[in-house]
Structure formats: C-alpha cells, structure tokens
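First up is the structure itself, then whatever we jot down about it.
Derivation of every value follows stated rules applied to the coordinates shown; laboratory data play no part. In this text, all values refer to a predicted model and were calculated from it rather than measured experimentally. Please note: Cβ atoms are built from the backbone with ideal geometry, for glycine as well, and neighbour counts cover all protein chains shown.
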There are 2 protein chains.
Amino acid sequence: MDPDAVAKAFVEHYYTTFDMDRSGLSNLYQDNSMLTFEGQKIQGNANIVAKLVSLPFTQCKHTITTVDCQPSGPAAGMLVFVSGTLQLAGEQHGLKFSQMFHLMPTPQGSFYVFNDIFRLNYA
Amino acid sequence: MDPDAVAKAFVEHYYTTFDMDRSGLSNLYQDNSMLTFEGQKIQGNANIVAKLVSLPFTQCKHTITTVDCQPSGPAAGMLVFVSGTLQLAGEQHGLKFSQMFHLMPTPQGSFYVFNDIFRLNYA
C-alpha cells in the first residue's frame with residue numbers, strides 16, 4: 001500500500017478519535033511508546049492516555065494542513081509529520097501545531113505509535 | 001552522553017552551518033538520506049545538498065525556539081524535532097518553521113541525517 005495513503009489514513013483516524021473521545025487513542029500506543037507534549041516527556045500507554053485525557057479542555061477540533069511521511073529504516077517503521085490548527089471550544093482563534101509520529105508495524109499488520117512529539121507554534 | 005545534549009549540539013551545528021554555508025551540510029547526509037522540503041521529496045546526499053544550496057535566498061538566519069528528542073528504536077537512532085523562526089535577508093518578518101530529523105549513528109561514533117522533513121508554518 002502507498003505509504004502516503006497509509007500516513008493520511010492514520011492521521012485522519014488519530015485526530016478524529018482525539019476530537020471525539022481521547023480515551024480511544026489507547027489502541028494506538030503500547031507500553032514502550034513515548035510522547036513529548038510541549039516539552040513534557042511521558043512514557044507508556046497508560047501514562048500517555050492519562051495525559052491526553054487530562055488536557056484542560058473538553059471539546060476541540062483539529063484541522064490538518066500538511067501530512068508528510070518517510071520510511072524510518074529497516075524495521076519498516078514510518079515517520080509522519082503533521083502541521084495544522086487546533087480549535088478549542090469557546091476560543092476565537094485556532095492554535096497552530098506541529099506533531100510527528102513514528103509508527104511501527106504490529107504483528108497484526110497494523111501500526112502503533114512508538115514516538116510522538118507535539119508542539120504548539122503560537123501564531 | 002545525554003541525548004538531549006546531543007540533539008541540541010546537532011541542531012546548533014546544523015543551523016549554524018546552514019546560515020554560513022549550506023554546502024557544508026554535505027557532511028551530514030549520506031546516499032540513503034531523505035529530505036521532504038515543503039512537500040517535495042528528495043533522496044541522496046548530492047540531490048539534498050543541491051536542493052538546499054539552490055533555495056532562492058542568499059542570506060538567512062535560523063532562530064531556534066524548541067528542540068525535543070526521543071530515541072527511535074533498537075538501531076540507536078534519535079528523533080529530533082525543532083521549531084523556530086527563519087529570517088531571510090531583506091524581509092521584515094521571520095517565517096515560523098518546524099523540522100524533524102532522524103539521526104542515525106555512523107561507525108565513527110557520530111550521527112548522520114537519515115530522515116529530514118521541513119515545513120514552514122506561515123504565521
């Protein structure tokens with residue numbers, strides 16, 4: 001399958017799940033997964049999901065501007081680089097963000113998030 | 001050595017070289033290196049350096065806002081995620097950018113850039 005299509009499908013699934021029910025992202029992280037969220041380092045499925053669920057807003061909407069992807073090496077991983085806008089409920093302006101994912105294959109032929117780095121780029 | 005210190009040292013070296021003499025970046029890419037520059041995919045040391053050297057400005061200055069890093073897996077690679085501002089000579093306002101590097105170890109105990117994805121986030 002075309003890697004760009006896989007990356008786009010992953011990104012769409014990730015942010016749709018984030019915006020509907022963040023606890024659903026649990027399926028995408030494993031115990032060796034890493035998240036760096038605005039400089040804060042968090043490791044492992046449970047800690048990552050707890051962090052995402054506890055973010056201080058209830059409703060949000062991600063709009064994707066760009067998706068780039070590259071193969072990450074012999075382990076058949078894939079790097080996905082996203083830029084977009086995060087609109088929080090009740091806020092007038094969206095926040096620009098960029099985020100990178102390193103997806104690694106699962107034995108079931110799917111992918112999980114091994115690396116995740118998120119940054120807001122205040123405009 | 002502390003991975004965050006390695007990442008910061010790499011980033012400082014990369015952008016200092018970029019701003020002084022882009023052709024000097026040739027030492028950091030190998031023949032299997034990949035660059036996605038504003039959506040354009042380029043592969044291999046020679047093509048990547050040719051692209052960087054041909055960018056339509058002569059003088060520029062990168063200012064780094066954030067540097068995040070994570071280990072990328074068993075191959076001892078390192079993911080480095082950068083946000084910052086690119087100031088072009090003669091332009092009033094800087095351009096926000098974000099960029100990610102996947103550094104892989106060399107037999108000499110150094111690193112080279114295996115993956116490189118660059119995006120401007122127009123503010």
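Calculated from DSSP H runs of 4 or more alone, at -39500 (n - 2.57) each and per residue, what is the 222 nm mean residue ellipticity of chain A, nearest 500?
-7000 deg cm²/dmol
Can you list the lysines whose alpha carbon sits under 22 Å from that of residue B:8, skipping same-chain ones fewer than 8 residues off?
Candidates past the 8-residue exclusion: A:41, B:61, B:96.
Quick one: length gained pulling residue B:76 to residue B:6 fully straight, 0.36 nm per residue minus the C-alpha distance?
23.9 nm
Could you compute the FRET efficiency for residue A:120 and residue B:58, with r as their C-beta to C-beta distance and R0 at 30 Å, rounded to 0.05?
0.40
Once the label point is placed 7 Å from Cα along Cβ, list for residue A:44 the distances to the corresponding points in the other copies, in nm, shortest first.
For residue A:44, the inter-copy label distances come out at 4.7 nm.
Size of the range B:3-120 along its principal axes in angstrom, Cα-based, largest extent first?
Rounded to whole Å, the extents work out to 44, 29, 24 Å.
Placing unit charges on C-beta atoms (Lys and Arg positive, Asp and Glu negative, everything else neutral), compute the dipole magnitude of chain B about its Cα centre in debye, rounded to 20.
Approximately 240 debye in magnitude.
For the pair residue A:110 and residue B:43, what calculated FRET efficiency results from E = 1/(1 + (r/R0)^6), where r is the Cβ-Cβ distance and R0 = 41 Å, to the nearest 0.05? Write down the numbers at each step before the final one.
Working: r = 27 Å, r/R0 = 0.66.
Efficiency, from the Cβ-Cβ distance: 0.90.
Work out the mean other chain Cβ neighbour count within 10 Å for the residues of A:68-81 and drop it here as an integer.
The per-residue average across the peptide is 6.
Placing a label point 7 Å from Cα toward Cβ, how far apart in nm is residue B:1 from its equivalents in the other copies, listed shortest first to one decimal?
So the label point of residue B:1 gives 3.9 nm to the other copies.
Under a crude label model (7 Å from the Cα following the beta-carbon direction), how far is residue B:65 from residue B:85 in nanometres?
With each label placed 7 Å out from Cα toward Cβ, I get 0.9 nm.
Cα axis of helix A:3-20 to longest principal axis of chain A: angle in degrees, 0 to 90, nearest 10?
Between helix and principal axis, roughly 40 degrees.
Could you pull the copy-to-copy label distances for residue A:107, with points set 7 Å along Cα to Cβ, in nm to one decimal and sorted shortest first?
Label-point separations across copies, in nm and ascending: 3.5.
Take every Cα pair under 8 Å in chain A that's 6+ residues apart, average their separations, divide by the length, and report that relative contact order as a whole percent.
24 percent.
Can you compute 3J(HN,Hα) from phi for each residue in the range A:25-41, using the Karplus curve 6.51 cos²θ - 1.76 cosθ + 1.60 with θ = phi - 60°, rounded to whole Hz and x for Gly and Pro?
6, 3, 5, 9, 10, 10, 6, 9, 6, 10, 10, 10, 10, 6, x, 8, 8
Compare the Cα positions of A:78, B:117, B:57 along the charge dipole of the protein assembly as shown (+1 at Cβ of Lys, Arg; -1 at Cβ of Asp, Glu; about the Cα centre) and return the one farthest towards the positive end.
After comparing all options, I get B:57.
May I ask for the distance between the Cα centers of the range A:62-108 and the range B:37-66, given as a whole number of Å?
Centre-to-centre distance over Cα atoms comes out at 21 Å.
Using the Cα atoms of the protein assembly as shown to build a convex hull, what is its mean projected area in square nanometres?
Orientation-averaged projected area of the Cα hull: 13.6 nm².
Just to be sure I understand the model, the point goes 7 Å from the Cα along the line to the Cβ. What's the resulting residue B:17 to residue A:16 distance in nm?
4.2
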